[in-house]
Amino acid sequence: MLDLDFLFNPEQIAIVGASKSPQKIGHAILDNVVNSGYEGKIYPINPKEEEILGYKAYPSVADINESVDLAIISVPVKHTIGVAEECGKAGVKGLIVITAGFKEVGREGLKLERELTAICERYGMRMLGPNCVGVMDTHTPLNGSFATGFPNEGNISLISQSGAMLVSILDWSFEMGIGFSRFISTGNKADLTEIDLIESCAADPYTNVILCYIEDITDGKRFVEVCSEASKKKPIVILKSGISSAGAQAASSHTGALAGSNRAYEAAFRQSGVLRVDTMNDLFDLARAFSSQPIPNNSRVAVVTNAGGPGILATDAVEKYGLKMARFTKDTIDKLRNNLPHEANIYNPVDIIGDARDDRYRFALQATLEDENVDSAIVILCPAAVTEPEKTAQTIVELNKKYNNKPVMAVYIGGKALAEGKNYLSENALPSFTFPEPSISALEGMTRYNQFIKEAEPVEPAELTDTDYDTVRKTLDQVLEDRRVVLLGHEASTVMSAYGIPVSKTYLATSEEEAAEICGKLGYPVALKISSPRIAHKTDVGGVEIGLHSEKEVKRAYRKIMEQVTHFLPDAPIYGIEVQDMVDEGVEVIVGMSKDVQFGPLVVFGLGGIYVNLIEDVSFRLASALDTYDEVKQMITETKAYTMLKGYRGKKSADVNALSDTILRVARLVQDFDEITEMDINPVRVHTKGSTALDVKITIEHKE
Ligand code: COA
């Protein structure tokens, strides 16, 4: 792991471009460093000044004649290269480049940014930015940024690719009473990236939860590697913007069209144990929950409320987010029955009714938190004449501390009458919400994290025998020699067989006589399919005839296919017609792979057939995640196709184990052969015993 002490805990800081003029960013940075209580040495660098803010100024870093851990650079873009060079020569360990005008402004800027990175590499300096706000660490303490204000001390680290977002969040955090350990603005990420920073925050003893706002990820493979380890130590919550489906639109296969970068991010986050949120609110709700509450042991929620309606809303939300309403033990039910008014509801949600004062909240909350069937609690309070919002807030905080292995969230529904109570809750770091749903959503995130931690124990990858690497290598090489990128049906069939994937037998015939001859050996019935590298969806152009029982039918079908295809696509190169044995009935599913630029091969599973893109009943995993049967089965169960496989409406169940084996082998194949760019097996027919890949499309690319 990188040592980023120079960034978060430097012993000396030079501020290049420090200015006496309060309007300048260089002034704000120096002022922030000084006022944050930073205890190391401070060197303002300015060729025109003797002293700034009471500190001796130096004309350049070279004039300091002492070692310098960190230089924060805030000079116009045209001077940055020279300044970086000076820093390198002076042995500075690392830079924060605040200056804008690099990659983000176009080609010229990109050139400058590359020069800057090259200088850093040459001198072994690390760099944050350029085009960033800087860093803050409340525990060092250090405010090495030009932001207005310094966060309250806390245990949340925030890493943001957007500087504007970072400073806005900082300002908002004061109002919310949220504390932070680190604030980091990544800027253009020319050197240090969100991955390095996540890794560092995971090792920071003052950070309990890591929040990220990112627009893109610099290195998908490393992201998954680093985050998979980091998220075992502490929760990572990411808000990712800029989801694009451009890649998906350009794809030619079913899988490619289904995939898109969003699915790849989704799969990568899931594999790495990263919790993804869609809104800023969700990001902070989860941050507040993780930073102050224990992680729930399971998903059983108790709700205590003084109003029926919000109790039902909370119950609905519990179901919506896949959590469970706790079923109390008999002991708890008896306790509640004997102590609450007759009109109260003693089952979950516990409705202590509108005239509940603090004592009733205390009793009900304590009873539910003591119940072994309860993993977390939501306390809902609506203002009525006798309600005691502040006193109840004190009770909630007190009981939360007492039962400190179960998270508690407060839902104070109202405004003015509840303000004091809400203040008390936030001052005491107990997450409070104005409506039930966000509190349940936060609990769901925490529960999911707990699940990840439980499942994070390393498991032995499944051992796959019968994988014939050489045959696949030879087949792919032949296709490339033939200057093609799409495998013909019989070639794809060879690849499948070589990797132990049961596939329908496929042979290429170049005349109707040859087709008939093959059928003679193969036996009837058979299917015929057009063989052309240009035709992806054969049925659409009349290129498929099935259920042929005699030589006569085969010859007629051969002519019909040729006529139809040449009618629809007169220019398509035709290699002949594939003869395929007819395969037993079964549930038709799709197994495919498309390659994501960031994360590599992404495997899809779902309901197959020609409507796959319309129905979109699919689940995705990075191929690298599919190394155990358990993970494959989990992927299968996420789809409606699984209901069909289990045997829908009196049908016999299909062989899910055989299907899992096929998916596992596809995942291995696409990882072993990096040149495979897209793959569709649509359908894989899953029989009551065994499964068969019916229509296999594989696209490859030329590798250097
Ligand atoms: N070494 C040391 N000091 C230098 C210097 C050098 N090579 N070159 C210039 N300076 C001094 C200047 O004399 C000036 O000091 P002064 O006020 O005493 O004259 C100071 O550094 C700043 O230079 P100046 O030319 O006044 O620039 P500026 O402060 O107006 O702008 C930036 C500099 C970096 C703030 C500006 O170029 C910029 O990039 N702004 C955008 C920052 C941003 O938005 N970042 C991303 C956030 S998400």
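The values are calculated or read from the model by the stated rules, or taken from the named source; none is laboratory data. If you're wondering where the values come from, they're calculated on a predicted model, not measured in any experiment. When we count neighbours, we look across all protein chains shown, and the Cβ atoms used for this are built from the backbone with ideal geometry, even at glycine. Accessible surface areas use protein heavy atoms only, side chains included; no ligands, DNA or RNA. Shrake-Rupley method; radii C 1.70, N 1.55, O 1.52, S 1.80 Å.
Some observations on this one:
- Scanning the range 495-511 for residues that are open to solvent by less than 10 Å² (accessible area, probe 1.4 Å), under 23 Å from Arg559 (Cα atoms) and among the aromatic types (Phe, Trp, Tyr) yields a total of 0.
- Annotation: of all residues in the range 543-570 being among the charged types (D, E, K, R) and touching a residue at least 24 places away in the same chain (Cβ under 8 Å), the one that is surrounded by the fewest Cβ atoms within 10 Å (Cβ to Cβ) is Arg559.
- Per-region count, the range 661-691, residues open to solvent by less than 40 Å² (accessible area, probe 1.4 Å), outside any strand (DSSP E or B) and either within 22 Å of Tyr648 (Cα to Cα) or of a type outside the set (Lys, Arg) (or both): 12
- Of residues in the range 455-471 being without any contact (Cβ under 8 Å) to a residue 40 or more places away in the chain and assigned to a helix (DSSP H, G or I), the one most open to solvent (accessible area, probe 1.4 Å): Glu455
- Of all residues making up the range 144-177, the number that are open to solvent by 10 Å² or more (accessible area, probe 1.4 Å) and either part of a helix (DSSP H, G or I) or among the aliphatic types (A, V, I, L, M) (or both): 10
- Scanning the range 94-144 for residues that are among the hydroxyl-bearing types (Ser, Thr, Tyr) and within 16 Å of the ligand (Cβ to nearest atom) yields a single hit, Thr99.
- Selection status of Ile243, at pLDDT 95 or above and either surrounded by fewer than 22 Cβ atoms within 10 Å (Cβ to Cβ) or in contact with a Cys (Cβ under 7 Å, 6 or more places away or on another chain) (or both): no
- Where Val479 falls short, out of the listed (1) open to solvent by less than 20 Å² (accessible area, probe 1.4 Å); (2) modelled with pLDDT under 90: (2)
- Filtered residue count, the range 287-332, keeping only those that are among the basic types (Lys, Arg) and within 15 Å of Asn345 (Cβ to Cβ): 1
- Tally, over the range 4-24, of residues that are on the phi < 0 side of the Ramachandran plot, within 12 Å of the ligand (Cβ to nearest atom) and either among the hydroxyl-bearing types (Ser, Thr, Tyr) or crowded, with 17+ Cβ neighbours inside 10 Å (or both): 6
- For Leu694, the conditions (1) touching a Pro at 6+ places or on another chain (Cβ under 9 Å); (2) closer than 26 Å to Pro461 by Cα; (3) open to solvent by less than 30 Å² (accessible area, probe 1.4 Å) are fulfilled apart from (2).
- Qualifying positions in the range 77-110 - in a loop (DSSP other than H, G, I, E, B) and free of Cβ contacts under 8 Å to residues at least 24 places away in the same chain: Gly106
- Taken as a whole, the range 375-391 holds at least one residue that is more than 19 Å from Thr315 (Cα to Cα), of a type in the set (Gly, Ala, Ser) and open to solvent by 40 Å² or more (accessible area, probe 1.4 Å).
- Meets criteria (surrounded by fewer than 18 Cβ atoms within 10 Å (Cβ to Cβ) and modelled with pLDDT of 95 or more) for Ile333: yes
- Ile238, sole failed condition from (1) in a helix (DSSP H, G or I); (2) hydrophobic (A, V, I, L, M, F, W, C); (3) modelled with pLDDT of 90 or more: (1)
- Selected residue (criterion: most open to solvent (accessible area, probe 1.4 Å)) from residues of the range 64-76 that are within 11 Å of the ligand (Cβ to nearest atom) and either in a loop (DSSP other than H, G, I, E, B) or β-branched (Val, Ile, Thr) (or both): Pro76
- Some residue of the range 47-63 being within 12 Å of the ligand (Cβ to nearest atom), more than 35 Å from the chain's Cα centre (by Cα), assigned to a loop (DSSP other than H, G, I, E, B) and among the acidic types (Asp, Glu): yes
- Of all the listed residues (Val105, Val97), the sole one being under 31 Å from the mean Cα position of the chain (by Cα), of a type outside the set (D, E, K, R) and either farther than 21 Å from Leu4 by Cβ or open to solvent by 70 Å² or more (accessible area, probe 1.4 Å) (or both) is Val105.
- Boolean, Gly37 is within 16 Å of the ligand (Cβ to nearest atom), open to solvent by 10 Å² or more (accessible area, probe 1.4 Å) and either touching a Phe, Trp or Tyr at 6+ places or on another chain (Cβ under 8 Å) or at pLDDT 95 or above (or both): no
Quick grid of which residues meet (1) buried (at least 20 other Cβ atoms within 10 Å of the Cβ); (2) part of a helix (DSSP H, G or I):
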| site | (1), (2) |
| --- | --- |
| Pro438 | yes, yes |
| Glu444 | yes, yes |
| Ile453 | no, yes |
| Ser493 | yes, yes |
| Glu513 | no, yes |
| Cys519 | yes, yes |
| Leu528 | yes, no |
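- So Val591, is it modelled with pLDDT of 90 or more and in contact with a His (Cβ under 9 Å, 6 or more places away or on another chain): no
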